Structures are given as structure tokens and as C-alpha cells.
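Engineer: Have a look at this one.
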Amino acid sequence: MKRLFPFLIVFLLLLSACDAQDPSTPSAAEPLAEALPGLAKQGDLESGLLAFGQEMNAALESGGYDVRMESVTYYTESEEAGNTVFFSDVGNKQLGSHFVPGDVRRAWSASGGNAITWASDTAQGDAGPGLGATQAAIASAMATWNAESCSNLSLTDVSPGGDIGFLEFLLTGGASGSPIPAADVVQGGFGTAVDALLPPPIIAAAFTFIFTGGGDINNDGKVDTALREIYYTMNFPWSIGGVGGIDVETVALHETGHGLSQAHFGKLKQTTSNGKFHFAPRAVMNAGYTGAQQTLAGTDNGGHCSIWGSWPNN
């Protein structure tokens, strides 16, 4: 398969990942980038994503990594409905994996695995309105989820600054991103190399990585989540507040819902009289963007509380 980056450079990067004691403990010398398929040569969007995920997992296995990509959940403009593509036989069309309380395998977590950490990429952290405004909108979305009173979940900001995408590192063979996961939930930035996987009408997507060795160590019926990374495309213009472009905070709120194990919710309908599309009921976790929505709906609250209400005792 076509070599994307020089062997020596990628091999040294993989060795550095091993030394850091992260989930990437590679033993094979083959660069992961060599195993990536030509996505553009695939058929439709979902079959292409499926092929990519399967090839990536084969590469992760051959590289000695103890994580796999479980799924990608993508978010689209309002006249299309996003979906979740599973790369292996786990899950049931809902997010089939979840974080484990006290999971020491998540070295990037906090409070011994009982606090969910998050981090935001600042190297590619400007959606267009400016780095400060973009990052403030993301932080506001994180604060909204953290404020949910039904849960003792503590979302902890551990952003180190700079280029932090783990998937981006794998995808580019080490040319960008980081070999070490930065947090449980990573806001991976705008207009990264991951954009090549996410053509219009995709606005953003959340990639779930799961642990391979433990399976379901707390017997909750879900595969153990290692981390989730969120990437925002530059397929559409962005804005603060939704005027003149897609609202950063709304999309960050939606994607963080996926980061916190929620699936899409609601049905897409078309009004016959005017041809317009809408979701019923309207909620942050709808599969399509329908304008600025910076407040959680009842269904969003319900989904979150059902997942996190007894944390960390679940």
C-alpha cells in the first residue's frame, strides 16, 4: 500500500508513544499510515467510513495498540440526518460503550478515573470568529453539561494547549496531532486532516475509541470507552450565535453529548406545505443542525441523567 510518510520518522514517533505509557504500545514497525485506505475511492459515505474504521483497527492491532475505534457519530446540516457508523460488531445503534468509574487504564483522566477530563485543541481551535471566541463557545458548552444537577459528574479541563488530536496523529502518520491522548473527551479542532473523512453535509463528528483487553470490566453491558475525540469540519461557515454561519456552541454542545455517551434522538420530518425539514421533538441531540440551540431540552436532560445519574457508582 502507498507509503504516506517516511518509515523512520513514523517508527520513531511510535516508539515515543510507547515510552509515554499511553494506550498506544506499538510492537510492530509498520507505520499505521500505510494501512489506511483511499477513502475517496470508496462508494457512499457510510461504506467509506466503515472501510476506514476497519482498516484503522487492523492497523492498530498490527501496531500493538490496546485501543480500537468503535464508531463515528456524525452531525449534519438540517436537511440531512446524521448517523452512527460502527466499525466492529459492538453496540446496537446506540452508543454501545461507556466510561468506567475508577478505570486506571485511562491515565489521561482525573480523580482515579472518577472525573471525566476534557481538552481542546488550540493549534486548530479557531472556527473563523477568532480563537478566543471559538474556545469560549466550546468551554460554555462543556459548562452546560457539567451543570446538570442530576449527576455528580465532574468535567475537568486539562487542556495542555497546542495540537492534541490522537486520531489526527494516527491518520497523518505523526505529521500532526499527538501520540498521547489528551483527555477522556477531546475537542480536536477545526479543519484538521480528519476533514478528508467527513465530506459535506457533515458538520462535525465524534470518534469513539474502546479498550480491547478488558472488554466490560464493570459488567454494565457496555464496552469500556477509552476516549472520544470530536472534530469539526470547515465544510460550512461558523459563527458565534448562529448569525451568518453555524453556531459553534450549539455544535459543541451536541458533540459533547456524544462524548458523554449519548446517541442521536428524534425523527426528521418534512412539512409538505413548504418542504422544510424539522426534527420532532427538537433537541440538542437531534441528528441534524436546525439553528442555534444553546440550552438542553428535556430529552437531552433525560438521556444524560439516565447515563450519569448514579456516577461513579454505576
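Every read-out reported here was derived from the displayed coordinates using simple, explicitly stated rules and does not represent laboratory data. Model, not experiment: these values are computed from the prediction. For neighbour counting, all protein chains shown are included, and Cβ atoms are generated from backbone atoms with ideal geometry for every residue, glycine included.
Engineer: So, R0 is 35 Å and r is the distance between the beta-carbons of residue 107 and residue 44; what FRET efficiency does that work out to, to 0.05?
Structural biologist: On the way: r = 38 Å, r/R0 = 1.08.
According to the calculation, E is roughly 0.40.
Engineer: Note the per residue figure in Å³ for the convex hull of the C-alpha positions in the stretch 146-193.
Structural biologist: About 90 Å³ per residue, rounded to a whole number.
Engineer: Based on the Cα atoms of the stretch 115-263, what semi-axes does the equivalent ellipsoid have, where each is the square root of 5 times one gyration tensor eigenvalue, given in whole Å with the largest first?
Structural biologist: Gyration-tensor ellipsoid for the stretch 115-263: 24, 19, 14 Å.
Engineer: Using only the Cα atoms, what convex hull volume per residue in Å³ does the stretch 187-314 have? Intermediate results must be reported in sequence, preceding the final value.
Structural biologist: On the way: hull volume 16.8 nm³, N = 128.
Cα convex hull per residue, to the nearest whole number: 131 Å³.
Engineer: Please give the length that would be gained between residue 136 and residue 152 if that part of the chain were fully extended, namely 0.36 nm times their separation in residues minus their C-alpha to C-alpha distance (nm, one decimal). Before the final figure, lay out the partial values.
Structural biologist: Details: separation 16, 0.36 × 16 = 5.76 nm, distance 2.35 nm.
Between residue 136 and residue 152, full extension yields an extra 3.4 nm.
Engineer: Just need the relative contact order of the stretch 168-314 here, percent rounded to a whole number, with Cα pairs under 8 Å and 6+ apart.
Structural biologist: 17 percent
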